[in-house]
Amino acid sequence: MDSKVENGGVNDDDKGWGWGSSRPVPSVQEIVRNDSVSVPERYIQNQENRPQHSETNPVSSEIPIINFSLLADGDEHERKRLDSACKEWGFFQITNHGVTDKVLHKMKDAVTAFFDLPLVEKKKYAMATNDLQGYGQIYVVSDEQKLDWNDMILLMTLPTNCRNMKYWPTSIPGFKEAVEEYSIEMQTLTNQIFANLSLLMGMEKESLQEYHGEMKQSMRLNYYPTCSSPDLVIGISPHSDESSITLLLQDDGISGLQIKHEGGWVVVKPIPNAIVVNIGDAMEALSNGRYKSIEHRAVTNEKAARISVATFVLPNDEVEIGPLEAVVDDDHPRLYRTVKYVDYIRHSVTMKMEGKAHTDYLKSQNV
Ligand code: OGA
Ligand code: NI
């Protein structure tokens, strides 16, 4: 295989995020472009990790759908539905969220335009050896581990002074504008969701937002190439997100995301223009486990490449993550210890994505 099709090794002229690094990997898109039939050994999952090994949930259940315009109007019934969705599923889709089709389509077009660039162009935005931003892959900690059938570019989007423009493919007309507009919209949705979750946890509306300090937002733009043997590979390994919440925009009509629910995998069916929201590890700890950060994965298919945009909402690096006072009482003892968020992130990037292993670090020693 052409060993030149990899990220890493360039652009390492500044200090990066300080969160860690990941090993260079080949571009899967390029592998498929060169040979669309064979699947290299490093991508063939061990039997127990193959998608068909763990059955999809026999119950044809679907994640809850929350009508965002009702939430924004302060509708208590919808707020209670949000509470149940976060408790029982950790995942929901929002409709009527007010983000225009135009903004969503421009964002998807920007992602498509990036992955359509020739490899040499994409490599100009390659992840540096000391950073996790840019084009490449994260959570690759050894040269032996199996790899995901996924290419991605990770960008820090908020606060604006955290943007490192050397990783932004600004040569694509409209890319920067699309990401900026979409980023603002996701921040607005985040504030609404936080206001509702704050009320549900018995706090003031502004509490969660304030607790996050100067909030961060990053975006992972995902590309899942087609695969001749989708049953042998995994698009993104089972994991939970380290965020407080994640907002996911996915392709209409091509499913891939699956979430763990009652022991099986439930397919998240794309609803045109809806946004999938999930609880991340930080929120699980802040809520003392009232809301769960659920394991999820993506699978691939033979027919169509799939893109998605995961927007991660993160507390400021310096914020202490642990159960908020409002959610701890005699009936709800503290189940998580308190750690500085940056320490949590630094810890989790040293591990391969593997189910909920990351959150074990947050659990109190004595539970
Ligand atoms: C992620 C993620 C799922 C998808 O990027 O963290 O879970 O469907 N993505 O792309
Ligand atoms: Ni995820």
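The values are calculated or read from the model by the stated rules, or taken from the named source; none is laboratory data. Being a predicted model, the structure only gives us computed values, none of them experimental. Cβ coordinates were reconstructed from backbone atoms using ideal geometry, including for glycine residues, and neighbour counts include every protein chain displayed. Protein only, heavy atoms only, side chains kept; ligands, DNA and RNA dropped before computing areas. Shrake-Rupley method; radii C 1.70, N 1.55, O 1.52, S 1.80 Å.
Per-structure values
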{"read-out": "Order of exposure, largest accessible area first, which applies to Arg297, Arg334, Arg42 with probe 1.4 Å", "value": "Arg334, Arg42, Arg297"}
{"read-out": "Estimated vicinal HN-Hα couplings, Hz - the stretch 283-289 in sequence order (Karplus 6.51, -1.76, 1.60; Gly, Pro = x)", "value": "5, 4, 5, 4, 8, 6, x"}
{"read-out": "For Ile307, net neighbour charge (Lys/Arg +1, Asp/Glu -1) across residues whose Cβ lies under 12 Å away", "value": "-2"}
{"read-out": "The stretch 251-350: radius of gyration and largest Cα-Cα distance (Dmax), Å", "value": "16.7, 54"}
{"read-out": "For the stretch 30-155, alpha-carbon Rg over 2.2 N^0.38 Å", "value": "1.46"}
{"read-out": "Label zone at Asp329, where the point sits 7 Å out along the Cα-to-Cβ direction: the stretch 197-211 residues whose backbone N lies under 11 Å", "value": "202"}
{"read-out": "Burial ranking of peptide ranges 74-81, 178-185 (average Cβ count within 10 Å, highest at the top)", "value": "178-185, 74-81"}
{"read-out": "Amide H contacts under 5 Å for Ile321, placed H, 5+ residues apart", "value": "Val339, Lys340, Tyr341"}
{"read-out": "Gain upon complete extension [Lys146, Lys205; 0.36 nm per residue less C-alpha separation]", "value": "16.9 nm"}
{"read-out": "Average accessible area per residue (Å²) across the chain - probe 1.4 Å, nucleic acids and ligands excluded", "value": "42 Å²"}
{"read-out": "Inter-centroid distance (Cα atoms) of the stretch 255-325 relative to the stretch 89-117, Å", "value": "16 Å"}
{"read-out": "Inverse mean reciprocal Cα-Cα distance (Kirkwood Rh) of the stretch 149-288, Å", "value": "17.2 Å"}
{"read-out": "Accessible surface of Thr95 - all protein chains present, 1.4 Å probe, nearest 10 Å²", "value": "40 Å²"}
{"read-out": "Virtual spin-label span in nm between Val120 and Thr170, 7 Å along Cα→Cβ", "value": "2.3 nm"}
{"read-out": "Surface share of carbon and sulfur [accessible, 1.4 angstrom probe, percent] for the stretch 90-205", "value": "54 percent"}
{"read-out": "GNM flexibility winner over the chain from Ser84, Ser287, Ser171 (Cα, springs under 10 Å)", "value": "Ser171"}
{"read-out": "For the chain, Kirkwood radius (reciprocal of mean inverse C-alpha pair distance, Å)", "value": "20.8 Å"}
{"read-out": "Charge-dipole axis of the chain as Lys and Arg at +1 and Asp and Glu at -1 on Cβ define it, positive-most pick from Pro64, Gln29, Asn316", "value": "Gln29"}
{"read-out": "Shape box of the stretch 286-333 [Cα atoms, principal axes, largest first, Å]", "value": "54, 27, 10"}
{"read-out": "Over 26 Å (Cα to Cα) - which of Lys80/Lys269; Lys108/Lys166; Lys123/Lys292 fall in this group", "value": "Lys123/Lys292"}
{"read-out": "Whole-number percent relative contact order across the chain, with pairs defined as alpha carbons under 8 Å at least 6 apart", "value": "22 percent"}
{"read-out": "Listed residues Leu147, Leu200 arranged by accessible area, highest first, probe 1.4 Å", "value": "Leu200, Leu147"}
{"read-out": "Calculated Rg and Dmax of the stretch 64-126 using C-alpha coordinates, Å", "value": "17.9, 52"}
{"read-out": "Solvent accessible area, Å² - Phe92, 1.4 Å probe, full protein context", "value": "0 Å²"}
